[in-house]
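**Q** What follows is a structure written as structure tokens; I'll ask about it next.
The values are calculated or read from the model by the stated rules, or taken from the named source; none is laboratory data. Since this is a predicted model, take the numbers as computed values, not measurements. All Cβ positions, glycine included, derive from the backbone under ideal geometry; neighbour counts span all protein chains shown. These accessible areas exclude ligands, DNA and RNA; they are computed on the full protein's heavy atoms, side chains included. Shrake-Rupley method; radii C 1.70, N 1.55, O 1.52, S 1.80 Å.
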Amino acid sequence: MPGLPTLAPMRVLLVEDEAKTAAFVRRGLEENGFTVFVATRGDEGLSLARTEPFDAIILDISLPVLDGFSILAALRESGNKIPVLCLTARDAVAEKVKGLELGADDYLVKPFSFSELLARLRTILRRGVQARDHVIRVADLEIDLRRLRATRDGQRLELTAKEFNLLALFAQRQGEVLSRTMIAEEVWDVNFDSDTNVVEVAIRRLRKKMDDPFPQKLLHTFRGVGYVFESNRP
Ligand code: CA
């Protein structure tokens, strides 16, 4: 297929709690040369999506622990633009609309045929490959939001998932002063009313890897206010 990398198999994360559907989709995709990872719980799906590089996610909406909407919202809020195909219940128009609003690339209504799923998956994969906006560059820093990789001056930064999400947030909102509370809400999906120390500790760790070894500093502290990410500040 033109435009798609052919050397390595495409990696697809399938988040689906119905064993029969999961087995049917997995088998079909594997027969078509994809590498498939299955998560049967929403929280497992989100955690895999954040820590492993995938080319696309097939996401059921109704899932145990964390539903598909929450997973999608969490990924998009942290800047992850991976192509997502949602699986929705029959005739649930509200589900489709909500999924697309949250940033799904397409949806498929259950029950569906495998050939339809494959066609839609290939379409969103092609779109994903064409869209180059998943790479953010700031000075010599490069962040690949789909492959969850960051480099500075060509050197790979070994970041934890949280540190990566933190860096992605800063890079996407360059020049804006972000408060600790705002950062906590965006990166940890919760409101740390009192304990913004968690944010400070994470930022210290991120700086140590991302800024300290390099002459040009990108992350700057505004005492008592928050942080700003900028390449042109002395
Ligand atoms: Ca389900």
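**Q** So what's segment 11-130 giving for Cα Rg divided by 2.2 N^0.38 Å, two decimals?
**A** In units of the globular-protein estimate, segment 11-130 measures up at 0.94.
**Q** Test of understanding: express the Cα radius of gyration of the chain as a ratio to 2.2 N^0.38 Å, with N the residue count.
**A** 1.08
**Q** Ignoring any ligand, DNA or RNA, what whole percent of the accessible area of the chain comes from carbon and sulfur when the probe is 1.4 angstrom?
**A** Of all accessible area on the chain, carbon and sulfur atoms account for 50 percent.
**Q** Relative to the longest principal axis of the chain, what angle (0 to 90°, nearest 10) does the C-alpha long axis of helix 42-51 take?
**A** Result, in degrees: 50.
**Q** Which of the peptides 59-65, 46-52 is most tightly packed, and how do the rest follow, judged by the mean count of other Cβ atoms within 10 Å per residue?
**A** Result, highest mean first: 59-65, 46-52.
**Q** Run lengths n ≥ 4 of DSSP H only: what is the helix-derived mean residue ellipticity at 222 nm for the chain, with -39500 (n - 2.57) per run over all residues, to the nearest 500?
**A** -12500 deg cm²/dmol
**Q** About the Cα centre of the chain, what is the dipole size in debye to 20, counting +1 per Lys and Arg Cβ and -1 per Asp and Glu Cβ, all else neutral?
**A** Dipole about the Cα centre, nearest 20: 640 debye.
**Q** Report the semi-axes of the equivalent ellipsoid for segment 140-187 in whole Å, largest first, where each axis is √(5λ) for an eigenvalue λ of the Cα gyration tensor.
**A** For segment 140-187, the ellipsoid semi-axes come out as 20, 12, 8 Å.
**Q** Among Phe112, Ala202, Gln174, whose Cα lies farthest out toward the positive end of the dipole of the chain, if unit charges sit on the beta carbon of Lys, Arg (+1) and Asp, Glu (-1)?
**A** Result: Gln174.
**Q** Take a quick pass over the chain and tell me how many lysine pairs come in under 14 angstrom between Cα atoms, counting only ones 8 or more apart or on separate chains.
**A** Close lysine pairs under the 14 Å cut-off: 5.
**Q** Please identify, among Gly224, Gly154, Gly28, the residue showing maximal mean-square fluctuation in a Gaussian network model of the chain using a 10 angstrom Cα cutoff.
**A** Of Gly224, Gly154, Gly28, the most mobile in the Gaussian network model is Gly224.
**Q** For Arg41 and Arg137, what does the FRET efficiency come to when R0 = 41 Å and r is the distance between their Cβ atoms, rounded to the nearest 0.05?
**A** Given R0 = 41 Å and the Cβ-Cβ separation, E is 0.70.
**Q** Also, quick follow-up: Would you work out the charge dipole size for segment 135-229 about its Cα centre, treating the Cβ of every Lys and Arg as +1 and the Cβ of every Asp and Glu as -1, and quote it to the nearest 20 debye?
**A** In debye, rounded to 20, segment 135-229 gives about 300.
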